[in-house]
1. Divide by every residue of the chain the summed helix terms, -39500 (n - 2.57) for each DSSP H run of at least 4, and state the resulting mean residue ellipticity at 222 nm, rounded to the nearest 500 deg cm²/dmol.
2. Taking the chain as the reference, fit the longest principal axis to its C-alpha atoms, fit the long axis of helix 137-148 to the helix C-alpha atoms, and give the angle between the two in degrees, 0 to 90, nearest 10.
3. Which residue fluctuates most in the GNM of the chain (Cα springs below 10 Å): Pro231, Pro78, Pro210?
4. What per residue convex hull volume, in Å³, comes out for segment 1-145 when only alpha-carbon positions are used?
5. If r is the Cβ-Cβ distance from Asn62 to Asp16 and R0 is 25 Å, what FRET efficiency results, to the nearest 0.05?
6. Which of Phe232, Leu250, Val45 sits farthest toward the positive end of the charge dipole of the chain, with +1 on the Cβ of Lys and Arg and -1 on the Cβ of Asp and Glu?
7. Angle check, please: helix 247-260 long axis (alpha carbons) against the longest principal axis of the chain (alpha carbons), in degrees 0 to 90, nearest 10.
8. Once you wrap a convex hull around the alpha carbon atoms of the chain, what is its projected area averaged over all directions, in nm²?
Amino acid sequence: MTRITGKTRILFILGDPVAHIIGSSLLNEHFAERSIDAAVSPLHVAPGDLPRAIDMLRRLHNVAGFGVTIPHKIAVIPLLDSVGERGRQVGAVNFVRCNPDGTLHGDNIDGLGFAGGLVAASVTIRGARVLQAGAGGAGRAIAFAMAEAGAADLTIANRSPDKARELAEAVSHAYPSCRTRAGNGDPAACDIAINTTSLGMKSGDALPMPTDQLPEGAVAAEVVMTPEVTPFLAAAAARGCRTVGGKAMLLAQLRAASDLVGLA
Ligand SMILES: NC(=O)c1ccc[n+]([C@@H]2O[C@H](COP(=O)([O-])OP(=O)(O)OC[C@H]3O[C@@H](n4cnc5c(N)ncnc54)[C@H](OP(=O)(O)O)[C@@H]3O)[C@@H](O)[C@H]2O)c1
């Protein structure tokens, strides 16, 4: 257990509900392993109380920053003083730095986390052909992150095709060098296949994309953390693909969060 003193930098994770939050515990372990004098706790904030909570946090001098989770990721944006490029692209913020002058800077680190998890698993994104299922919150962040990391080609498939089209257009506009389109794509012609949907969390969920055509040398990567081996990863592994589970994204986000608040 971290020894918390008056010198300890304090962080929170704001959500409603908070019972499921494990990021605070992982961040505490991350800080303890690196001998960083910081401690994190979930903070249960109802939507109607968010403006008051944010106003209070900016006045507290030993608060280094805070994570933001459901349902606050979009609502927090107008309450901040500045938002980074990734947060603006995604349209949602999930981590905020409290600056010494009381200003608050937020950004979205989901995509950095996902790309960081791939890199930690020695996956090369630059030049890759990526097939992504999903265009929700995590999907938006990951699509921009794949293009930013130099993917050559990105196909986005989503149950609601309008969201995939809108996302593909936004990514194309921001990163013209990545050929981005919406559609079902061809699993046989991809190097990295990504599930960014919530499919796989519940038993009996459909697969996020057909896996029977995935090439043996492809990488299959996942956002879902529980179960650790989703049916998508199991099916891809059975075809001889390398797999990267959802926990890799979370672990890489710990580094990105400490970087953002200056506690790396
Ligand atoms: N590993 C990590 O660190 C990490 C971080 C963030 C999120 N996540 C996980 O990522 C997943 C998605 O989260 P999110 O915040 O992006 O959620 P979200 O914004 O609600 O998006 C959900 C996505 O899943 C699709 N989807 C949901 N049910 C479906 C179904 N029955 N059939 C086909 N598609 C379906 C949605 O399609 P429509 O657009 O058609 O609704 C959308 O693309 C969750 O499992 C979450 O726990 C993991």
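Here, each number is a calculation from the coordinates, and none is a lab measurement. On a predicted model such as this, the values are computed, not experimentally measured, just so you know. Virtual Cβ from ideal backbone geometry, glycine too; neighbours counted across all protein chains shown.
1. Numbers: 8 runs with 84 residues, N = 264.
Mean residue ellipticity at 222 nm (helix-derived): -9500 deg cm²/dmol.
2. So the helix axis and the longest Cα principal axis differ by about 70 degrees.
3. Of Pro231, Pro78, Pro210, the Gaussian network model singles out Pro78 as fluctuating most.
4. Details: hull volume 19.1 nm³, N = 145.
Cα convex hull per residue, to the nearest whole number: 132 Å³.
5. Numbers: r = 24 Å, r/R0 = 0.96.
Efficiency computed from Cβ-Cβ geometry: 0.55.
6. Val45
7. That helix lies at roughly 40 degrees to the long axis.
8. Working: hull surface 56.2 nm².
Seen from a random direction, the Cα hull of the chain projects 14.0 nm² on average.
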